[in-house]
Each structure stands twice: as structure tokens, then as C-alpha cells.
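*Asks:* The structure is given below, and queries will be raised subsequently.
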Amino acid sequence: MSAPIWPGSPYPLGATYDGSGTNFAVYAENADRVELCLFDDQNTETRWRLGEITAFTHHAYMPGVGPGQRYGFRVHGPWAPGDGLVFNPAKLLLDPYSKAIEGEVEWGEAVFAHQFLHPNRISEVDSAPHMPRSIVVDTAFEWGDDTAPDVPLYKSVIYETHVRGISMRHPEVSPELRGTYAGMASEPVIRHLVQLGISAVELLPVHHFISEHSLIERDLTNYWGYSSIGYMAPHAGYSSSGDRGQQVIEFKEMVKALHAAGIEVILDVVYNHTCEGNLLGPTFSFRGIDNQTYYRIDPHNRRHYIDYTGTGNSMNVRHPAVLTLIMDSLRYWVTEMHVDGFRFDLASALARELHDVDKLSSFFDLIHQDPVVSRVKLIAEPWDVGDGGYQVGNFPPLWSEWNAKYRDGVRDYWRGTDWALANFASRFTGSSDLYGFSGRRPHASINFLTAHDGFTLNDLVSYNDKRNSANGEQNRDGESHNRSWNSGEEGPTDDADVIDLRKRRVRSMLMTLLLSQGVPMLLGGDEIGRTQQGNNNAYCQDNEIAWYDWDSADPLLLGFTKFLINIRNRHPVFRRRRWFEGRRVHGAGVRDIGWYNTNGTHMSDEDWNRGYARSLTVFLNGKAIPTPGPQGEQVEDDSFLLLFNAHTESVTFTVPEDLHGFEWQVVLDTSREMTCTDLIGPEDSWPVKGWSVVLLQQIGESNQ
């Protein structure tokens, strides 16, 4: 290839097409030389040295190079593994700022910088024939009148799903679109989401990732995608429209279609580690460009990494270049791809400056000061695997968190654990003990009972023990303490009583989740009874184990879930913007929230501290909602009673004594599959079946 090469600019990093040519820039602080490698349609490689270096950024401009051009880098520098320097120009490297990546890894010793038999010796085998390529893309796209739905977080209902899994078995999605961004954007899938009533999809990782060699050897893949290598590139495997950057267009079309339906797009992002693994892992990009810059090196043994993630490496968020990469990536997905928020995987690892998790770390400073990123939804998975990594409740303002204490507390209550009632009540009302002291509001709590990692809701009531043998790890992987209960029989059963109990518990947990204060997150497929056959770690199951089985969907459960979400969306009493204060409301006669025993009397300290207590009446006062209306007025809603019974036997609840004289209608009873219309007159009582919840709505004024 014969073409001129100009000095170009150190900014922006990556490959930037301007209509006439492409600027290439890569940060490599400790490198001696960086070569740009361009590949033609016959895979012939031409190398060009990036001769200009500005503040450790190597850069050049190539006139005539445009969209679709395949490229990579070769980086020269010292081979000194004991010092954390592992430069090897025999290895073709992906651009950390790739906006599209094409091709698969052909696993073998060639893609490792070291020799297998002698890990401290350099490998001289050329990796280019076995490596994917970065692709130059044109970011132009006709967004038309695309507008972010901008749903306030306190009004949100989040649906966690996998781009591939949701459509792979959908009978109404065209076969050629199944498992792709286009499948996610198809009319049948969007119709389901709209009718369900959710406000946002939270997509498992869509940054380009590479499956681990150990999985490929077992004929498996990294289905979940927590193995990133391209923080600006949508994963090519989810594209129905081919390579050469078409996945970028298809992703944007998906976002545009979801926005048009009023649904936000939140991305699960993995900035804490990459797929390059530990010191014996492959060299795809960061390790070969500048190992010391991009990874946390163990200061006591610089051949090794500090690992807060359990994957072999941790990104070096103490380094300005890494922080710049993360922020550039976040801004790119907001400004160019129009996404509406992020869920940060193992977010505690990003907040470690020296070792401890620090709420004042540079990572948080940059997020909070950024005029683009600070305005979208920011959700933390508030833990990592390092010491002190469990940080539920400790993230700063602007952040919401996956509330694992909600998951654990509600699971414990609905499996009949002793001493669970008080904790259950705290979780149901927004977890003010976790978030109220830091200036945050109930929507700081992302409430969930199930997520991609763990049992589905169907399996949570069907299995005591995990069934992960299909993962090829002798059932050693996955969480062993699931707070699950099989309802009397392990796994599939024909026992009608066990089936009835399982369905009742599922409905009770869904009602708890969707009517709790905070933001509910529903695991995709739970609304149709999806099972993973007891596998609670389906990270490598790109097959029927993890895909949604639409043909076996439970229509009654789906209808129940739709009805519940509709109740939440219509009644602000279930999604308050501020904490309950226990205060009396003028003209209402009762407090904003009331806690009652089954006999209708106020809960006492003794009641709360009975280990066997598993029944509770909760009154939510619709006349006490501090939510500003359009003109600044207080919003008033209907008032509700929730009767919780996690005992085995039925319990008769009496309408609370200070609510006598009101008339109530039974809206939902989780011991039944359909909605209810039964009326309760003044001072009446109501039987609640074991493992059930009854929702009562006030429909009349007091006669007193």
C-alpha cells in the first residue's frame, strides 16, 4: 500500500475518520515505537510507524484511509517480565479505542506473548493470522427525531436481559434476526416489553468481548460477555448485518427503536478487568501496548497483577490514561450511541486508589464533574472480590446500587427464615438504613430478587442446590448459598401441591419486588416462568439453558406481572421520591406508613423481635406522598393495605383498628392466579393463605 502519512493529532485517541482520511492515536507510555498495521482485502499487511509522540501518545494521519479499513498495532519496547514490561512486536494488538472489531481469535501459542514451556521467554510467532482486526468506522447516523425517554429513576422499572438470549427462541422473530441487536429491536420483542410496562432494559455486556480458551476447549463460550476487550465497540457477534462496522449501525438502530417505544437503554459495563487474564494470559491489546499503564501491577512482584476481580487482572484506575479511556468510552456511548445509563460491574474495583475503596477516588470525581456522564443513570454493583470490597450502601450521591441486602432479606423472608421480619420491612420501604444517611433517596436502591448471576425466580422456588454440571467444572462453580427453597421437592415435579406452592411463592415475591419503595429490577424471563434447569451460573451456556423459552411461557404469570407493574406505574404511593417519616397527615388521621399485627394493633418492639414472626400488615397512606405535581402541589393517591403471610398455614388478618370505617377492595391475592374484586366492609377481617400476600385498596371514606 502506498500512501502518505502525516503527523496527525494526539487527540482524539483511536481511529477517527474525518471524511478525507483517518487519524490514528494510541497511548503507550513505556513503548519505544508503535507501528500502525493496515490490512487489505487479501489480508496483506502494511506497516507504518506512528512517528509523532505527544505526551506519550503515538499518532499519525493517513489520507485516503476510511471506513471499513482493518487495522491493528505492533508495539516495540523492552521484554522484562520481572519489571512488568512485556512488549512484543510479533503480536498484533487491537486498538483500545476500537469502535468496531471484526473476526475471531484462533487460539494457540501465537496469541500469547510468552512461550508456553518457558513463560519468561518471548514468543516470536506472529499472531496476526490468528487475531481479530480493529475497524475504522464512520460514526455518522441518521437519528432523526430520536429523543431519550428520560424517565425519572424513581418511576423506573428495569428489565435485565441478554441481547442474544431474549430473541434466540422467539417464534415471531425472523430466524435471521434472532440473537442480534436487530432481534432485540424487533416488533415482537418490543411489543412484549411495552405491554409488560417496563421503562428500561439493562443489557448484559455489549462491549466487544472474547471467550476464554478454557471455555472453547469445552465447546462452550462466554455467553454473558464479562470478558471485555473493546470498550467502544459493540460486540460483533450480536450483529445480523455482517462485519466492517455494520454492528455500530445496527446497535444504533436498536437504541432508536427502543427509544421510540419509550424504553431506555442501560448498559452493563465491565471496566474493572479485561479478557487478557493473569500473567499467563493472551496478549490481545492492553498488555502488549503498555502493561504497566493499563493494569494494576503487584509492587512486590511486578510479574504479577493485583486481582480485585477474580479474573486474573484489574484495570489500573489510578493511571490518568485508564481513567481517560473509561470516561471517553462512557461519553461515546451516551453521545454517539444514545444510551441512557450504565450499570458498573464490580464497581468497588474502580474506586480503589491505593487499596481501600474510596468514595473520594478520582473515578468518582471524574464521573461527578462530567457534564455528560453525570446526567445519565449510574448504577453500581457495589462490591468486588478484594478485601473490603463489599460496599452496599456506601457509594456517593448520584449513584444507585444493586441492593444485595434487599435480595437476601426478601429471599429469607419468603423461605421462612426466623428473625427475618424486621429486615424485610426495612427492605420493603426502600432501605433507608443504607441510603438515608448520605443524602440519597429511595431510588438509590435498585431492588432485585434475581439477576443473570444466580437462579431464575422459577428455579429459586424449585431447587435447594445448584445444578451446574453442564458448565464442565464438576458443579464447583456458582454460589452455593442461594437462600432458595424448593417448596418441598427438588427440581421438576408432578406434585400438584408443590406446583401450587411454587407458583404462589413466585407471585408473592413478584408483588413484594414491584410494590417495594426503590427501583425494581426484573430479571428477563421471570415474568414467563423461565428456568435454567437449576443452573445458577449460566455464564457459558449460549444454548437452551439460558435462552428464553417463549413456547413454554406461563400466560397467567405474565398477566399477573403486567397487572402488578401497571399498579406500580399508576400509583405513586409505591414509588415515593422521599423516605417515610412516620408522621401524621393532616385530615388523614393516620401516619404516612403504618405497621400492624394480624389482629390490627400497632406492631410493638416485642412483635418485631419475635423470631418466629412472619406475618405483617403494612398501610401505605396515599394522602402523604411528598411528590411535587405539575404546579408544585402535593400528589394524592389511593391508600393501600398489604397483608404479608410467610407462615405455612393461613392467617386471618383484621383491618387495623385506626382504619376502621373504611371500605376496602381486594386488588390482588397471590394465592390466586387472577386479579380479585372482593370487598371488605368496615371492621372486617380477611384470611390470607400461607406464603401469600393480599393487596387491599381503600375505596370508601370512613363512616366514623
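The values are calculated or read from the model by the stated rules, or taken from the named source; none is laboratory data. Predicted model only: the values in this text are computed from it and were never measured. In this analysis, Cβ positions are derived from the backbone assuming ideal geometry, glycine residues included, and neighbour counts consider all displayed protein chains. Heavy atoms of the whole protein, side chains included, go into the accessibility calculation; ligands, DNA and RNA do not. Shrake-Rupley method; radii C 1.70, N 1.55, O 1.52, S 1.80 Å.
*Asks:* Evaluate the charge dipole of the stretch 275-432 about its Cα centre and quote only its size in Debye, nearest 20, assuming +1 on the Cβ of each Lys and Arg and -1 on the Cβ of each Asp and Glu. Please report the intermediate quantities before stating the final value.
*Replies:* Working: 16 positive and 20 negative charges, 36 e Å.
For this selection, approximately 180 debye.
*Asks:* Given only helices, namely DSSP H runs of n ≥ 4 each adding -39500 (n - 2.57), what is the per-residue ellipticity at 222 nm of the chain, to the nearest 500 deg cm²/dmol? Let's see the in-between values first.
*Replies:* On the way: 14 runs with 133 residues, N = 704.
Rounded to the nearest 500, it is -5500 deg cm²/dmol.
*Asks:* Could you provide, to the nearest whole Å², the per residue accessible area of the stretch 146-241 with probe 1.4 Å?
*Replies:* Details: 2980 Å² over 96 residues.
Computed with neighbouring chains in place, this is 31 Å² per residue.
*Asks:* Hey, what angle do you get for helix 246-260 against the long axis of the chain, alpha-carbon based, 0 to 90 degrees rounded to 10?
*Replies:* With both axes taken from Cα atoms, the answer is about 20 degrees.
*Asks:* What ranking do 231-242, 185-196 get when scored by the average of other Cβ atoms within 10 Å per residue, highest first?
*Replies:* Values: 231-242: 21.1, 185-196: 17.7.
Those peptides, ordered most packed to least, come out 231-242, 185-196.
*Asks:* Using the alpha-carbon atoms, what tilt in degrees (0 to 90, nearest 10) does helix 320-335 show relative to the longest principal axis of the chain?
*Replies:* Rounded to the nearest ten degrees, it is 60.
*Asks:* First compute the accessible area of the chain with a 1.4 Å probe, then give the percent of it belonging to carbon and sulfur atoms. Don't skip to the end; give the middle numbers.
*Replies:* Working: 12350 of 25910 Å².
C and S fraction of accessible area: 48 percent.
*Asks:* Could you name the lysines in cross-link range of LYS503, using Cα to Cα under 18 Å and dropping any fewer than eight places away on the same chain?
*Replies:* LYS562, LYS689
*Asks:* Quick one: accessible surface of LEU177, probe radius 1.4 Å, all protein chains present, in square angstrom to the nearest 10.
*Replies:* Accessible surface of LEU177 is approximately 50 Å².
*Asks:* Between SER604 and GLN665, how high is the FRET efficiency from 1/(1 + (r/R0)^6) when r is the Cβ-Cβ distance and R₀ = 30 Å? Nearest 0.05. All intermediate terms of the calculation are to be shown ahead of the outcome.
*Replies:* On the way: r = 29 Å, r/R0 = 0.97.
For SER604 and GLN665, the calculated efficiency is 0.55.
*Asks:* Let me have the relative contact order for the stretch 467-602, percent, based on Cα pairs under 8 Å that are six or more residues apart. Mind dumping the intermediate values first?
*Replies:* On the way: 98 pairs, mean separation 31.4, N = 136.
Relative contact order of the stretch 467-602: 23 percent.
*Asks:* Evaluate the distance, in nm, between pseudo-label points positioned 7 Å from the Cα of TRP79 and of ARG33 along their respective Cα→Cβ axes.
*Replies:* Label-label distance for TRP79 and ARG33, simple model: 1.6 nm.
*Asks:* Positive end of the dipole of the stretch 239-335, charges at C-beta (+1 Lys, Arg; -1 Asp, Glu), about the Cα centre: which of ASN278, HIS304, VAL248 has its Cα farthest in that direction?
*Replies:* Looking along the dipole axis, the top candidate is HIS304.
*Asks:* Roll a 1.4 Å probe over the protein heavy atoms and report the accessible area of TYR154 in Å², nearest 10.
*Replies:* Result for TYR154: roughly 40 Å² accessible.
*Asks:* If you take P(r) over Cα pairs in 10 Å bins from 0, in percent from the coordinates, which of (1) 3, 12, 17, 18, 16, 12, 9, 6, 4, 3, 1, 1, 0; (2) 3, 12, 18, 20, 19, 14, 8, 4, 1, 0; (3) 3, 14, 24, 24, 17, 10, 5, 2, 0, 0 do you get?
*Replies:* The calculated read-out lines up with (3).
*Asks:* Follow-up question, since we're still on this one. Express the accessible area of the stretch 1-57 per residue in Å², computed with a 1.4 Å probe while the remaining protein chains stay in the model. Mind dumping the intermediate values first?
*Replies:* Values: 3020 Å² over 57 residues.
Accessible area per residue: 53 Å².
*Asks:* Report the relative contact order of the chain, percent, no decimals, based on alpha-carbon pairs under 8 angstrom and at least 6 residues apart. Walk me through the numbers before you get to the answer.
*Replies:* Working: 1679 pairs, mean separation 69.8, N = 704.
Worked out over the chain, it gives 10 percent.
*Asks:* Treating the angle as unsigned and between 0 and 90°, give the value, to the nearest 10°, between the Cα long axis of helix 187-196 and the longest Cα principal axis of the chain.
*Replies:* Value to nearest ten degrees: 40.
*Asks:* Which length gain, in nm to one decimal place, applies between HIS481 and SER438 when the Cα-Cα distance is subtracted from 0.36 nm times their residue separation? Don't skip to the end; give the middle numbers.
*Replies:* Working: separation 43, 0.36 × 43 = 15.48 nm, distance 3.06 nm.
Value of the extension gain: 12.4 nm.
*Asks:* Does the stretch 1-123 classify as rounded, prolate or oblate by the C-alpha gyration tensor (a ≥ b ≥ c root eigenvalues; a/c under 1.5 gives rounded; else a/b over b/c gives prolate, otherwise oblate)?
*Replies:* Details: a/c = 2.29, a/b = 1.46, b/c = 1.57.
It is oblate, given that a/c is not under 1.5 and a/b is not larger than b/c.
*Asks:* Also, quick follow-up: Can you bin the stretch 251-391 into rounded, prolate or oblate? Criterion: square roots of the alpha carbon gyration tensor eigenvalues sorted a ≥ b ≥ c, rounded for a/c under 1.5, prolate for a/b above b/c, oblate for the rest. Numbers along the way, then the final one.
*Replies:* Details: a/c = 2.09, a/b = 1.67, b/c = 1.25.
Since a/c reaches 1.5 and a/b is larger than b/c, the shape of the stretch 251-391 is classed as prolate.
*Asks:* Oh, and also: Subtract the Cα-Cα distance of GLU104 and LEU558 from 0.36 nm times their separation in residues, and report this length gain in nm to one decimal. Intermediate results must be reported in sequence, preceding the final value.
*Replies:* Details: separation 454, 0.36 × 454 = 163.44 nm, distance 3.85 nm.
That works out to 159.6 nm of additional length.
*Asks:* Still on this structure: 7 Å from Cα along Cα→Cβ at both ARG169 and ASP387: what's the point-to-point distance in nm?
*Replies:* 4.6 nm
*Asks:* In addition: With point charges of +1 on the Cβ of Lys and Arg and -1 on the Cβ of Asp and Glu, referenced to the Cα centre of the chain, which listed residue (PHE363, GLN42, LEU258) lies farthest in the positive direction of the dipole?
*Replies:* Farthest towards the positive pole: PHE363.
*Asks:* Around PRO149, with a cut-off of 15 angstrom between Cβ atoms, what is the net charge of the other residues, counting Lys and Arg +1 and Asp and Glu -1? Present the calculation step by step, with values, prior to reporting the outcome.
*Replies:* On the way: positive: LYS155, LYS256, ARG375, LYS377; negative: ASP145, ASP146, ASP150, GLU202, GLU264, ASP340.
Residues near PRO149 contribute -2 overall.
*Asks:* Continuing with this model, one more query. Once phi is turned into θ = phi - 60°, what whole-Hz ³J(HN,Hα) does the Karplus curve with 6.51, -1.76 and 1.60 give for every residue of the stretch 576-582, x standing for Gly and Pro?
*Replies:* In residue order, the calculated couplings are 5, 7, 10, 6, 5, 10, x Hz.
*Asks:* Dipole of the stretch 379-486 (Lys/Arg Cβ +1, Asp/Glu Cβ -1, origin at the Cα centre): which of ALA425, PRO396, GLY472 lies farthest to the positive side?
*Replies:* Final value for the positive-end residue is ALA425.
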